[in-house]
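**Student:** Quick one: this structure, given as C-alpha cells, is what I'll be asking you about.
The values are calculated or read from the model by the stated rules, or taken from the named source; none is laboratory data. Owing to the predicted nature of the structure, the values given are computational and were not obtained by experimental measurement. Cβ placement follows ideal geometry from the backbone for every residue including glycine, while neighbour counts extend to all protein chains displayed. Side chains are part of the model used for accessible areas, which takes the heavy atoms of the whole protein and leaves out ligands, DNA and RNA. Shrake-Rupley method; radii C 1.70, N 1.55, O 1.52, S 1.80 Å.
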Amino acid sequence: MNKQDYMNTSVQEPPLDYSFRSIHVTQDLLSEEPRTGLRPLRHAKSGKSMSQSLWLNNNVLNDLRDFNHVVSQLLEHPENLAWIDLSFNDLTSIDPVLTTFFNLSVLYLHGNSIQRLGEVNKLAVLPRLRSLTLHGNPIEEEKGYRNIPSGPLYGMSALRLRSCLPLEAKLSWWSRMN
C-alpha cells in the first residue's frame, strides 16, 4: 500500500497542539505535554496520537533538526500529517523535511525569518498542499514575492502572502490567461 493511499480523511482528529510552549528544539516536544482542547486527543494502543495536525506556533524554533524522528514518536501515522503550523517561530529557511509529508495540505509559516524567495520552490513537490502562509517574513521585500501564486505553487487554493492590490490581482489573472 502506498503511503499516500493510507490517509483516512473521513476522520478529523483534534490537533496535537504545542503552541506557546517556548520550545527551542523539536526534541523538546517529547518531554512536553500538548495543550488540551475542547475535544480530547485519541491515542493508539502504542500511546501515540491519532492526530493529523501538529501545531508548533508561537515558539522559538530556529530549525527542524530531528523533526521526522520526533513526529514519528508523537503520531501513530506520521505519513497522514496534513496540517503543520510553524507560524511565529525563528525559522530562516523552509527545511526539506517538510517535503517528506506528502499528505500535507496546510502549512503555516507566517511570522518567521524566511529570507530567500527560492525557499518556497521546495514545496512544489507536495501534491496536496492547498494552504500556505508566508506573510510576516523578510521574503515579502524580495522582488517576485507577489508572483508566487502564478509560479511553482500555481493552483494552490489559499496562498496567503499579504493582501493583493486590485491591479496585481488583474495582472496575475491576465498572465495565467495568456
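To keep it simple, each residue is scored yes or no on (1) of a type outside the set (Asp, Glu); (2) farther than 16 Å from residue 72 by Cα; (3) at pLDDT 95 or above; (4) touching an Asp or Glu at 6+ places or on another chain (Cβ under 7 Å).
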| site | (1), (2), (3), (4) |
| --- | --- |
| 15 | yes, no, yes, no |
| 24 | yes, yes, yes, no |
| 44 | yes, no, yes, yes |
| 52 | yes, no, yes, yes |
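**Student:** I need a count of the residues in the stretch 77-99 that are within 25 Å of residue 45 (Cα to Cα) and outside any strand (DSSP E or B).
**Tutor:** 6
**Student:** Follow-up. Select from the stretch 28-67 the residues that are charged (D, E, K, R), open to solvent by 70 Å² or more (accessible area, probe 1.4 Å) and closer than 17 Å to residue 96 by Cβ and list them in ascending order.
**Tutor:** 65, 66, listed by residue number.
**Student:** Here's a follow-up. Among the residues of the stretch 100-109 satisfying the criterion of being assigned to a loop (DSSP other than H, G, I, E, B) and open to solvent by 30 Å² or more (accessible area, probe 1.4 Å), which is modelled with the lowest pLDDT?
**Tutor:** Among them, the one singled out is 105.
**Student:** Note down all Cβ pairs under 7 Å where the first residue falls in the stretch 68-91 and is under 15 Å from residue 103 (Cα atoms), the second is part of a loop (DSSP other than H, G, I, E, B) and of a type in the set (Ser, Thr, Tyr), and they're at least six residues apart or on different chains.
**Tutor:** 75/51; 76/46; 82/105; 83/105
**Student:** Going residue by residue through the stretch 110-121, is there one that turns out to be in contact with a Ser or Thr (Cβ under 7 Å, 6 or more places away or on another chain), touching a residue at least 24 places away in the same chain (Cβ under 8 Å), among the charged types (D, E, K, R) and in a helix (DSSP H, G or I)?
**Tutor:** So far as the stretch 110-121 goes, yes, one or more of its residues are in contact with a Ser or Thr (Cβ under 7 Å, 6 or more places away or on another chain), touching a residue at least 24 places away in the same chain (Cβ under 8 Å), among the charged types (D, E, K, R) and in a helix (DSSP H, G or I).
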